[in-house]
1. Karplus couplings for region 182-188 from phi (6.51 cos²θ - 1.76 cosθ + 1.60, θ = phi - 60°), rounded to Hz, Gly and Pro as x?
2. Taking θ = phi - 60°, what integer Hz values does the Karplus form 6.51 cos²θ - 1.76 cosθ + 1.60 yield along region 66-75, in sequence order, with x for Gly and Pro?
3. Select from GLU220, GLU110, GLU35 the residue whose mean-square fluctuation is largest in a Gaussian network model of the chain (Cα-Cα springs shorter than 10 Å).
4. Leaving out ligands, DNA and RNA but keeping every protein chain, what accessible area does ASP191 have, in Å² rounded to the nearest 10, with a 1.4 Å probe?
5. Quick one: accessible area per residue over region 150-217, 1.4 Å probe, rounded to a whole number of Å²?
6. As a test of the formula, what do you get for the chain when each DSSP H run with n ≥ 4 contributes -39,500 (n - 2.57) and the sum is divided by the residue count, at 222 nm and rounded to the nearest 500 deg cm²/dmol?
7. Can you give me the % of accessible surface on region 44-191 that is carbon or sulfur? Probe 1.4 Å, all protein chains present, nothing else counted.
8. When only alpha-carbon atoms count, how far does the chain stretch along each of its three principal axes, as whole angstroms with the largest first?
Amino acid sequence: MTLHAVARRGDPARPWLVFLHGFSGDCREWQEVGERLSDYSRLYVDLPGHGGSAAVTTRDFADVREQLHATLVSYNILSYWLVGYSLGGRIAMDYVCQPGVTGLAGIIVEGGHPGLQQPEARAERLCSDNAWAARFSTEPLRQLFHDWYQQPVFATLTAEQRAALVALRAQNNGVALAAMLQATSLAVQDDLRPALRQRDYPFWYLCGEHDSKFRAIAEELAVPCFLIHNAGHNAHRENPDDVTERLAQILRL
């Protein structure tokens, strides 16, 4: 099954930029940045349970890999960069760590986690994600997202930014989000570090300068990393100018 996506055509001689949004986002998530890179063809994907793919179900990361592959094939994308934020970054890393991936020019991850290593951390995350999923399935999304954006990872958001995100994310389908949250929980994601260390493709990391958790992850991964000025976890939303410039810089290399 393919995923809903929005395609914009650029120079056919250049690789595509395939953008993957974060949890509760959609194909619009990256467009402010991506449309400034119009020399490249861009594909803005709606992940399962989100946007135009809200009715698409998935059981696990293997299903998502198959759906993403089918989507790339449907657009005849033969050369591409994967650009993913948060959940989208985790999906991008999982995708490229599988054998037989073809056409990959490189991967750019913003604030994505490579996987938990300790059983205790997995159990704690599973409990947390199951609790959130139960709330997504039953509670009004506006109030729920107000609570969601109080989590420590979003501490750098201003009140205005938080309110804008709550209004935007409240348009989702809560049951669909709950299913995707459980299917792609960090608790069930593989630890991708060993496979990432064996990579033969470019891997760049973007991180808001105020996002201490993911700055530490970038240092641990020991991959090239750009710190995005005046930004926290949602760097491409908080400082799209800087993120656009960093993407352009990477693509020029």
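The values are calculated or read from the model by the stated rules, or taken from the named source; none is laboratory data. As the structure is a computational prediction, the values presented were derived from the model and not from experiment. Each accessible area value is taken on the protein alone, full model and side chains, heavy atoms only, with ligands, DNA and RNA left out. Shrake-Rupley method; radii C 1.70, N 1.55, O 1.52, S 1.80 Å.
1. 6, 5, 10, 4, 4, 5, 10
2. Here the 3J(HN,Hα) series is 5, 5, 5, 4, 4, 5, 4, 5, 5, 9 Hz.
3. Judging by the Gaussian network model, the answer is GLU220.
4. Estimated to the nearest 10 Å², ASP191 gives 50 Å².
5. Heavy-atom accessible area per residue stands at 48 Å².
6. So the helix-based figure for the chain works out to -12500 deg cm²/dmol.
7. 54
8. Over the chain, Cα extents along the principal axes are 48, 39, 35 Å.
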